[in-house]
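Working notes, structure below.
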Amino acid sequence: MKLSLKIPLCFFDLETTGVNIAHDRIIEIAVIKVMPNGEIIRKSNILNPTIPILPESTAIHGITNEQVKDKPVFKEVAKDYARFMEGCDLAGFNVLKFDVPMLVEEFLRADVEFDYSRKKIIDSQRIFHLMEKRTLAAAYKFYCNREMENAHSAEADTQASMEVLLAQIEKYDGQPVTDSLERKIGQIKNDMEALAKLVSDDLVDLAGRMVRNEKGEVIFNFGKHKGKLVHKVFKEEPAYYDWMMNGDFPLDTKRKLTEQKLKSLQK
């Protein structure tokens, strides 16, 4: 099927040092420009972000600090990409929440004009979520092939969630589960310990304010210290603990935070 285009459409994706749009930087950019006549033009670069790449990010995209040290910085290629994407609409997966804001931030740092307000932005993730609902009723229909009755009553929802899990185990039993780099991280099987490790093993507190990285170390999962080791933050900024304890965080988070604080004092 050919896209019906009046102007070129640029699909693009970014790999970055982290997920903080204000702080992190682009380390890889790839753009596929689809012309109205069907012609496809590709452009990509590995970039030196000028700041360290978080180990958690390298674990996802596989790009190391050593690989980027001799690459151009974004400012050196910014005008080329602005020209390449000029007069084009934009598309990608999850670009509205992450890739477009990150790209615009980099253009602003480079003092290069990139007016996204005049571009149409098509996010295929939004279409995915609009068309393939992520509700219990949708899961019940998909896995059990039945329509839910009395949805949003506690008893009906509980019954449906039980049937969904049973159907998932039956459907995927024995199948490997991989991460974003296609590395095997487990296997679906009728074993609750194995399933729990797949879906919640990295959580430290139930709100997910702290999680474990691939090394099992506890890191913050929000705010200005996202991705940083909790015990290091406590040493470098002791007042952060008090701020969280006095803040509007769940009691469970504060309890787990205090546990981490006590452990940091022992290191």
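Quick note: the coordinates plus some simple rules give every number you see, no bench work behind them. Owing to the predicted nature of the structure, the values given are computational and were not obtained by experimental measurement. Note that each Cβ is placed from the backbone with ideal geometry, even for glycine, and that neighbours are counted across all protein chains shown.
One table, with the values for the structure above:
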| item | result |
| --- | --- |
| Charge sum, other residues only, whose C-beta stays under 13 Å from H23's C-beta, Lys/Arg counted +1 and Asp/Glu -1 | +2 |
| Fewest-first sequence of Y172, Y241, Y81 by Cβ atoms within 10 Å of each Cβ | Y172, Y241, Y81 |
| For segment 1-151, alpha-carbon Rg relative to the globular expectation (2.2 N^0.38 Å, N residues) | 1.25 |
| Ascending count of other beta-carbon atoms within 10 Å, so fewest first, for R209, R126 | R126, R209 |
| Cβ-based net charge around N221, under 13 Å, with every Lys or Arg adding one and every Asp or Glu removing one | +2 |
| Unit Cα scatterers, Debye sum, segment 136-200: log10 I(q)/I(0) for q = 0.16, 0.20, 0.24 Å⁻¹ | -0.61, -0.83, -0.99 |
| Evaluated over the chain, the Cα radius of gyration and Dmax, each in Å | 22.5, 65 |
| Fully extended contour minus Cα-Cα distance, from D111 to I169, at 0.36 nm per residue | 15.6 nm |
| Listed residue pairs exceeding 28 Å between alpha carbons, taken from K119/K184; K97/K224; K197/K254; K120/K228; K184/K261; K79/K232 | K119/K184; K120/K228; K184/K261; K79/K232 |
| Part-to-part distance (alpha-carbon centres) for segment 13-79 and segment 197-221, which is given in Å | 26 |
| P(r) weight above 11 Å for segment 30-77, C-alpha pairs, percent | 72 |
| Nitroxide proxy distance, nm - points 7 Å out along Cα→Cβ at V177 and T135 | 2.6 |
